[in-house]
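Working notes, structure below.
The values are calculated or read from the model by the stated rules, or taken from the named source; none is laboratory data. Predicted model, so just to flag it, every value in this text is computed and none were measured. Cβ sites come from the backbone with ideal geometry, for glycine too, and all protein chains shown count toward neighbours.
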Amino acid sequence: MTAGMQTTRPTPPAPRWSTIVLLTGIALLILASFISLPLKWRDFFSQDAIRTSVEFMRGFSPPELAPGFLERIGYATLETLAMSAIGTLLAAFFGLLLSLPASGRFGMTARLATRGILNVLRSIPELIWAAVLLIAAGLGPFAGTLALTIHTIGVLGRLFADTLENCPPLPEATLRINGVHPVAAFLYATLPQSSPQMMSYVLYRWENNIRAAAILGVVGAGGLGQMLKYHLSLFQMQQAASVIIAMLVLICAVDAISFGLRRIMTR
């Protein structure tokens with residue numbers, strides 16, 4: 001490069017007005033939320049509030065470590081794990097089936113109708129589904145598993161449909177032009193391209209369902225959540241502390257397993 005030559009740096013593109021308006025609207029919405037809500041930060045950090053919180057937390061120590069109680073926690077942990085695993089597997093299967101019409105493969109009418117169903121399923125939280133299903137299925141993990149399945153079908157079905165829509169259509173179209181059956185072309189071209197992303201979604205939802213399964217026990221859907229509600233309602237804080245620790249250990253273990261599986265798949 002000669003000494004007289006000067007390098008010109010490319011000027012970054014100016015932000016679009018639509019982006020500026022959107023960011024300004026979000027900032028104003030956040031500001032209005034802080035102004036409208038009666039947030040009593042001073043009362044939250046007062047000496048009386050801190051003292052009461054410390055006394056409450058002291059009631060959780062030491063955790064209950066009796067062998068019989070730990071055995072009950074172990075059974076409830078397996079029950080919570082089974083609820084999340086079965087709910088996620090069933091949701092992945094039915095979500096994949098619903099994602100086919102939701103991705104537009106059977107026309108625009110089927111796409112809009114299926115996406116409407118998926119929106120309804122995922123817009124209702126698992127806790128509401130469990131409260132409704134407890135009337136039909138009764139107390140226990142069956143209602144919790146159904147609640148996780150129904151909600152997760154809506155989530156995974158939408159994610160799977162978006163993945164199929166964003167998949168490059170050329171490989172499948174090439175096979176169909178050469179006389180391959182549409183089902184075989186989908187199985188050999190589109191599905192292998194989409195499966196890594198779909199499996200990543202399934203593992204991520206399994207992590208979320210572990211947390212949700214622990215919460216669903218609050219309405220009587222079994223597992224660790226039901227034990228936690230029982231002991232907290234009786235103010236048995238030491239037993240509740242053991243249940244909370246079991247929840248944390250289970251969630252951390254599932255997070256680690258899911259992270260490892262995703263790393264293997266992406267490689």
At pLDDT 80 or above and surrounded by 10 or more Cβ atoms within 10 Å (Cβ to Cβ): is that true of ALA49 in this structure?
no
Looking for something part of a helix (DSSP H, G or I), polar (S, T, N, Q) and either surrounded by fewer than 17 Cβ atoms within 10 Å (Cβ to Cβ) or free of Cβ contacts under 8 Å to residues at least 40 places away in the same chain (or both) - is there at least one such residue anywhere in region 139-151?
no
Report, by residue number, each residue of region 105-135 that is under 21 Å from ARG205 (Cα atoms) and part of a loop (DSSP other than H, G, I, E, B).
ILE124, PRO125
Single condition PHE235 does not satisfy, out of (1) touching a Phe, Trp or Tyr at 6+ places or on another chain (Cβ under 9 Å); (2) assigned to a loop (DSSP other than H, G, I, E, B); (3) not acidic (Asp, Glu)
(1)
Pick from ARG122, ARG115, ARG111, ARG105: which is over 21 Å from PHE186 (Cβ atoms) and surrounded by 13 or more Cβ atoms within 10 Å (Cβ to Cβ)?
ARG122
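So if I check each of ALA185, ALA214, ALA189, which one is more than 22 Å from ARG115 (Cβ to Cβ), in contact with a Lys or Arg (Cβ under 7 Å, 6 or more places away or on another chain) and surrounded by 15 or more Cβ atoms within 10 Å (Cβ to Cβ)?
From the options ALA185, ALA214, ALA189, the qualifying one is ALA185.
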For ARG176, the lone unmet condition from (1) of a type in the set (Lys, Arg); (2) crowded, with 19+ Cβ neighbours inside 10 Å; (3) farther than 30 Å from GLU126 by Cα is (2)
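Yes or no, residue by residue, for (1) without any contact (Cβ under 8 Å) to a residue 12 or more places away in the chain; (2) among the hydroxyl-bearing types (Ser, Thr, Tyr); (3) touching a helix residue (DSSP H, G or I) at 6+ places or on another chain (Cβ under 8 Å); (4) outside any helix (DSSP H, G or I):
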| residue | (1), (2), (3), (4) |
| --- | --- |
| VAL180 | yes, no, yes, yes |
| GLN193 | no, no, yes, no |
| MET198 | no, no, yes, no |
| ALA214 | no, no, yes, no |
| LEU224 | no, no, yes, no |
| LEU248 | yes, no, no, no |
| ASP255 | no, no, yes, no |
| ILE264 | yes, no, no, no |
Before we move on, is ILE215 among the aliphatic types (A, V, I, L, M), in contact with an Asp or Glu (Cβ under 8 Å, 6 or more places away or on another chain) and either closer than 30 Å to VAL132 by Cβ or modelled with pLDDT of 85 or more (or both)?
yes
